[in-house]
1. Measure nothing but the geometry: give the 0 to 90° angle between the long axis through the Cα atoms of 171-185 and the longest principal axis through the Cα atoms of the chain, rounded to 10°.
2. Ranked highest first by the average count of other Cβ atoms within 10 Å around their residues, in what order do 101-111, 19-29 fall?
3. For residue 159 and residue 134 in one chain, what is 0.36 nm times their gap in residues minus the Cα-Cα distance, to one decimal in nm?
4. Restricted to Cα positions, what overall size does the stretch 98-194 have along the principal axes? Three whole-Å values, descending.
5. Sort largest first and round to whole Å: the equivalent ellipsoid semi-axes of the chain, each the square root of five times a Cα gyration tensor eigenvalue.
6. Report the relative contact order of the chain, percent, no decimals, based on alpha-carbon pairs under 8 angstrom and at least 6 residues apart.
7. Give me the distance in nm between label points sitting 7 Å out from Cα along the Cα-to-Cβ direction at residue 113 and residue 81, one decimal.
8. Starting from the Cα of residue 29, step 7 Å along the direction of its Cβ; do the same at residue 178; then give the gap between the two resulting points in nm.
């Protein structure tokens, strides 16, 4: 896929679920994970399909079974499980918008390593009152945008919400769209609304 930096190999996609993970818990791996997640998040929301997600620091297990068959092919089963998957699933389910939050486990991880989380995250995330509480959320744009860019981006997001065989007139979808557009408004020049 074109979103992923070549040194970041760990992604598993099934149905409407995308899981990224790192091989270790280094600061460099976290930087790469945030970069990949940021690109996937904004490109999906603006151009492909509305996504919501959670970045967190916790354990997961990845089992990659490759079994050869009699015809010379390989039967491949990937399995990912663990507390990190469960916690991410629960937290993502609470979100009522298209966007990705950065769980406090990430900021705690950074603080434990004496890294300023605000400085570390500023290029890819900002604090925002996500429809349930204030957290860091992955940015939809790198910088503040003018009115014309806002209108174009808003239209992309609206089209994206209605393009995937979803009932875009349902109250649930409308609420998610409204919350997503409210977040987009926070990027308008001189529009620092929460």
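What follows draws every value from the coordinates through simple rules; no lab data is involved. Since the structure is predicted, the reported quantities are computational estimates derived from the model, not experimental observations. Every residue, glycine among them, receives a Cβ derived from its backbone with ideal geometry; neighbour counts consider all protein chains shown.
1. 70 degrees
2. Numbers: 101-111: 18.6, 19-29: 13.5.
Taking the mean over residues of other Cβ atoms within 10 Å, the ranking is 101-111, 19-29.
3. Taking residue 159 through residue 134 to full extension adds about 6.3 nm, to one decimal.
4. Its Cα atoms span 46, 28, 20 Å along the three principal axes.
5. Working: eigenvalues 177, 98, 46 Å².
Semi-axes (√(5λ), whole Å): 30, 22, 15.
6. Values: 248 pairs, mean separation 38.1, N = 194.
In percent, rounded to a whole number, it is 20.
7. Rounded to a tenth, the inter-label distance reads 2.9 nm.
8. Those two pseudo-labels are separated by 4.2 nm.
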